[in-house]
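The values are calculated or read from the model by the stated rules, or taken from the named source; none is laboratory data. Given the structure is predicted, the values throughout are model-derived calculations rather than measurements. Ideal geometry is used to build each Cβ from the backbone, glycine not excepted, and the neighbour counts take in all protein chains shown. Surface areas here come from the heavy atoms of the whole protein model, side chains and all, with no ligands, DNA or RNA. Shrake-Rupley method; radii C 1.70, N 1.55, O 1.52, S 1.80 Å.
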Amino acid sequence: MRTLIELTVNGQPYPIDVEGRTRLLDALREKCFLTGAKEGCSTGDCGACTVLLDGQPVTSCLVLASSAAGKEITTIEGVSAGEVLHPVQQAFMSAGGLQCGICTPGMILTSIALLNENRNPTRDQIRFGLQGNLCRCTGYGKIVDAVEVAAKDMATRENGHHMEVKTEPDTNPAMAGPAQADATGGQAPGEKGR
Amino acid sequence: MRDFEYHAPKTLDEAVALLERYGTSAKLLAGGTDLVIMLNDHMVAPEHVIDVKGIPELSRFEWNPERGLTIGAAVPFRKLEISPEVQQHYPGVYEAASEVGSWQIRNQATPAGNLCTASPACEIGPIMYALDAQLQVTGPRGQRTIPIQEFITGVRRTALQPDELVIEIQVPPPGARAASHYIKLKERQKMDIAFVGVAASVELEPGDGVIRDARIALGAVAPTPIRAPAAEAALRGRPLSDDILEQVGRVAAESAQPIMDVRASVAYRKEMVSVLTRRAVRQAATLAAQR
Ligand code: FES
Ligand code: FES
């Protein structure tokens, strides 16, 4: 049965029509056209569909869209300030905490929720927090590194040591590889010997 | 997934009226982590889904020294995991709650829903058996209280009638020198279901190490969680020793009726019941002695 509901996503109202069975994941992707949340397993196991519901991570594949009406939904599209990346996004790039990127929106959202609760997590606490986010490219070491980098960066900013957010896509080592590979059609640096 | 009509009652009366009207063509939705998967897989195809998360009574989560712990049917596992009262008074509940799924799943899934699904490997079942919890349920014929052991009646079967819903789980307060513990054996550290789960709640006599009362419950080794009464009897009135623990573990393994499946053999599961029972009882007794 179709009904009109209003979702609040990244602070914006989205009046959409859904069926009873419409999952939050599908509503976000197909009705709000926010495709950052990914569908991996549809059984709550992989975390690729993670979004924040009132600040807490949930698997949007197991939430009915109608249940999420009236809550604050945060997706990966809502975490940067315009072109200025969130420190966790920045850290995933600088630490190389991603390969294919499918798990990344979920990883970043769970990491943001974790750092909101615990500004200075240990590596074990980071692993515990990310237990529901699977990465099939197996980049867990660097993902944990990225969260540590973000935690330090956020602490520095809070202490006012440097307030300005830097985004330097041209000089960022995580971006240099693919860009060069494209340009030359050859091997990206760092891929040698694989 | 077949479509259905979604209802979000705001009061218990409204929910009961919906259940009375739709009965078996309706399914209750709390956390959704079981139901949405079953809907997706066409294991269930209700015409109506009644989301109970908006009913204020079902979000009650309270600890009180006289009445114990009240866990409303819409309270997610995560609330138990981060509650200082649960960690202090019901360490076994804390252990069981923090073993469930992932952070995301614990934000969604509820202990009440977990009991209603009544899987043999039910996460919160054994510790609730060991703590003698009961469920408060309501329906068109009024409210009733169901002891946990009568609530789960078989594999994915409960005593809940199609027009009834759970309001809350009630866990009695622990005795003065009592504590509980839960151990889940699984292959992966997280996001896995139990081969075997053992819960123990132990109360000591005042002033010494003699066991006044003990309750032991086993999960994933029978169609429902089960108590191990012979093992409990072997502990009562005795001080804890390695010999007694040895005997208690052996007797507990005898009450288990595990199946063999892809994950473990019968002999392995029985042996693990014995080992984990010893460990769970020892840990519960150690915690109780510190009170
Ligand atoms: S798609 Fe939701 S957890 Fe995998
Ligand atoms: S980067 Fe590919 S799944 Fe994680």
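General observations
- Two-site FRET efficiency, A:Asp124 against B:Thr11, from Cβ-Cβ distance with R₀ of 56 Å, rounded to 0.05: 0.80
- Here A:Arg29 sits with roughly 70 square angstrom of accessible surface, probe radius 1.4 Å.
- Global form of the range B:178-289, assessed from the alpha-carbon gyration tensor, a/c cut-off 1.5: prolate
- Once the Cα gyration tensor of chain B is diagonalised, semi-axes √(5λ) in Å: 34, 21, 16
- Whether the range A:2-78 is rounded, prolate or oblate, judged on the alpha carbon gyration tensor where a/c under 1.5 counts as rounded: oblate
- Lysine pairs meeting the criterion (Cα under 27 Å, 8 or more apart or interchain), as found in the range A:1-153: 4
- Rg and Dmax of the range B:5-51, Cα atoms only, in Å: 10.6, 31
- Whole-angstrom Cα spans of the protein assembly as shown along principal axes, big to small: 77, 55, 45
- Placed amide H near A:Leu64: partners under 5 Å, 5+ positions off or other chain: A:Leu24
- Along its principal axes, the range B:61-171 has C-alpha extents of 37, 31, 23 angstrom, given from the largest down.
- Here, P(r) means the percent of Cα pairs in each 5 Å bin from 0 to the largest distance; for the range B:1-136 it is 2, 10, 18, 22, 19, 14, 9, 4, 1, 0.
- Residues in the range A:147-152 carry Karplus couplings, in order, of 5, 5, 4, 4, 4, 5 Hz; the curve used is 6.51 cos²θ - 1.76 cosθ + 1.60 with θ = phi - 60°, and Gly or Pro positions show x.
- P(r) tail fraction, the range B:129-176 - alpha-carbon pairs more than 14 Å apart, %: 52 percent
- For B:Leu28, distant residues with modelled amide H under 5 Å away: B:Ile50
- Whole-Hz Karplus values for the range B:50-58 come out as 10, 7, 9, 5, x, 8, x, 4, 7 Hz, taken residue by residue from phi with 6.51 cos²θ - 1.76 cosθ + 1.60 and θ = phi - 60°; glycine and proline positions read x.
- Accessible area of B:Tyr6 in the full protein assembly, 1.4 Å probe (Å², nearest 10): 50 Å²
- Take the Cα radius of gyration of the range B:196-251 and divide it by 2.2 N^0.38 Å, N being the number of residues; the result is 1.15.
- Once each of the GluC sites (Glu not before Pro) sitting in a DSSP loop with at most 12 other beta-carbon atoms within 10 Å is removed, chain B keeps B:67-186 as its longest stretch.
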